[in-house]
Amino acid sequence: MQLISWATLQGSLELGIIYAIMALGVFISFRTLNIPDLTVDSSFTLGAAVSAIMIGISQPFIGLAFAFLAGFIAGTVTALLTTKLKIQPLLSGILMMLALYSINLKVMGGRPNIPLLNKPLIFSFLQGLAGARYTKLFFLMLILALILFLLYLFLKTKLGLALRATGDNDQMVRALGVNTNVTIIIGLALSNGLVALSGAIIAQYQGFADVSMGIGMVIIGLASVIIGEVLFGVKTLLRRLIAVVLGAVVYRFVITVALWLGMPPTDLKLVSAVIVAGALSMTVINEKFQSWKNKRANGGCEGGQM
Amino acid sequence: MLRVADICKTFNKGSINEKTALDNASLFLDKGEFVTVIGGNGAGKSTLINCIAGVYEIDAGRIFLDGTDITYTPEYKRSQYIGRVFQDPLMGTAFDMTIEENLAIAYAKGKPQGLRPGITRDDVAFFKEKLALLGLGLDDRVKEKVGSLSGGQRQALTLLMATIVKPKLLLLDEHIAALDPSIAKKVLRLTDEIVKEEKLCTIMITHNMKAALEYGDRTIMMHDGRIIMDLNGKDKQGVTVEWLIDQFSRKVGAQLDNDRMLLS
């Protein structure tokens, strides 16, 4: 068997970095706010769609900004469904996911796929720079570092603290005079803004936007968050954020290796689902194992008969 | 300072589980008055506090705080002026955040939120100074997560959070009930110190009749959603727990049903 080529590894690192932006968004909703927001699947596509149609209309970086804004609005709507209309967060997300599917197609002018070949993209200006092989990677790292830094600063502001506390204990936050509806709206908006931004960059990176490219994104994001937590810890906020990023990269490497081992690409989503199910059930499996070990140590009497 | 006028609250109206928790309850608190509240299970003590805090919207009546009608003010807005400590030590703090972050959220009460730094160096110095007053050694642990604190430490911290920006009204909902007796005593003493020091208008629910008589300027007893006894100033002096229980039986025509209350 041939070894994985460096180019493949580098490619998977680049993808990992882009998906890390999406995973940071998922981290905000699932972990910081403690809200399982499924809007992600569609807001990812929304970001890709918006940035794709913006190409040719304006500068590609402006397209990214609009993609972020579109995701921000999508997250706001989900949050309004949850906070103002009291629809369960899970259902709000599903409703938005469904609604956005149609909206995404509308944004894309009814085409399920928009190719972006030979168009000015965010990576275009890198062409002709020295060290062409690594410019994309460094550029993506720069973007991620900037987002990570800004997000960290935001979560340390007064508003950021209130937002984090909302996921921990919303009752307490209200008792301290903060409107939790507002913190939830801002949190979900920011979360989906990041997800859409990630979708936009992926579209530019791959050279196309596809209406189904967001399917399963929330699971990939969650997998990244959990892998990061297990491997790199949850001690401080900065560490948690970096862990999410590393988790996204590790996840991408795992997928790359699985593909290299001959797994058909169509099985990808199945594997993702299994990884997340396994990670989520880790605590229960650990407990069962512990109790089984204890029973054995105590003489292994089934049914409690002595 | 606080005026509660004929408030009513019924839960599950129209269903077989209908329960009248407050039945034309009225209460007036002067500036700086410290009132303790006792009563059996389901007497409406917690409902009274929760209605004042805005957790539940009341069916009838009015609530005024410092001359302002707050009957329909949302909970989070009332909280600008009301400090609260809950029975469950888990309820008052965010466990996955540090002590200083918890205090910072409390300290931001009534100030513009927004994108300014959550904690400044001056804040930390101030928090440490305040924490030192609790005498629990928390001032050296400001960077630790609240999840690592004991129940008593958390309640003391919650108490500090509820009063770090001086509230117009402090509501304590059996805040020592879930603690070990020795720690409960300590938190109770801290409560008394803070209330007296800041001259806070306070309502404290307690199942501990002795504590109810020992602390505060005034003690009220609730039953079936009404206030059935109000011992003020002089009346309160020399009152014993036995006398209270006796009075209760006379007024209600039944034995006190709160085991916890009798035992303590």
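The values are calculated or read from the model by the stated rules, or taken from the named source; none is laboratory data. Treat the numbers as computed from the prediction; the structure is a model and nothing was measured. Cβ atoms come from the backbone with ideal geometry, glycine included; neighbour counts cover every protein chain shown. All accessible areas refer to the heavy atoms of the entire protein, side chains included, with ligands and DNA or RNA removed. Shrake-Rupley method; radii C 1.70, N 1.55, O 1.52, S 1.80 Å.
Worth a mention:
- The fraction of all Cα pairs in chain A landing in successive 10 Å bins from 0 to the largest distance is 6, 25, 32, 22, 9, 4, 1, 0, given as whole percents.
- Considering only the protein assembly as shown, percent of DSSP beta bridges that pair antiparallel, nearest 5: 60 percent
- The trypsin sites (Lys or Arg not before Pro) found in the stretch B:176-234 that occupy coil by DSSP, while having at most 16 further C-beta atoms within 10 Å, are B:199.
- Separation of the alpha carbons by more than 28 angstrom is noted, of A:158/B:168; B:210/B:234; B:128/B:185; A:86/B:166; B:168/B:234, for A:86/B:166.
- A simple spin-label model places the labels of residue A:279 and residue A:105 3.2 nm from each other, with each point 7 Å out along Cα-to-Cβ.
- Additional length obtainable on full extension of the chain from residue B:24 to residue B:229, 0.36 nm per residue less Cα span: 72.4 nm
- Fraction of alpha-carbon pairs over 45 Å apart in the protein assembly as shown - percent: 32 percent
- The calculated FRET efficiency for residue A:286 paired with residue B:180, based on their beta-carbon distance and R0 = 45 Å, is about 0.90.
- Here the simple spin-label model places points 7 Å from the Cα toward Cβ, and for residue A:3 and residue A:208 these points are separated by 3.3 nm.
- Axial C-alpha extent at least 20 Å, average Kyte-Doolittle at least 1.6 - helices from chain A (DSSP): A:60-83, A:132-155, A:217-232, A:237-260
- Take every DSSP beta bridge whose two residues both sit in chain B; close to 55 percent of them are antiparallel.
- Applying 1/(1 + (r/R0)^6) with r as the Cβ-Cβ distance of residue B:12 and residue A:91 and R0 = 30 angstrom yields a FRET efficiency of 0.75.
- Take the accessible area of A alone and of B alone, subtract that of the pair with a 1.4 Å probe, and the total buried over both chains is about 2300 Å².
- Where only C-alpha atoms are counted, convex hull volume of the stretch A:151-306 per residue in Å³: 200 Å³
- Net charge dipole, chain A: roughly 420 debye, given to the nearest 20, about the Cα centre with Cβ charges of +1 for Lys and Arg and -1 for Asp and Glu.
- Rolling a 1.4 Å probe over the heavy atoms of the protein chains gives chain A an accessible area of 47 Å² per residue.
- Förster radius 25 Å - calculated FRET efficiency between residue B:56 and residue B:252, Cβ distance, rounded to 0.05: 0.50
- Taking B:245, B:82, B:52 as the candidate residues, the one with maximal mean-square fluctuation in a Gaussian network model of chain B, Cα springs under 10 Å, is B:245.
- Among the chymotrypsin sites (Phe, Trp or Tyr not before Pro) within the stretch B:48-102, those in coil by DSSP and having at most 11 neighbouring Cβ atoms inside 10 Å are B:72.
- Percent accessible area from carbon and sulfur atoms, the stretch A:6-267, protein chains only, probe 1.4 Å: 72 percent
- Expected 222 nm ellipticity per residue - DSSP helices of 4 or more, -39500 (n - 2.57), all of the protein assembly as shown, to 500: -17500 deg cm²/dmol
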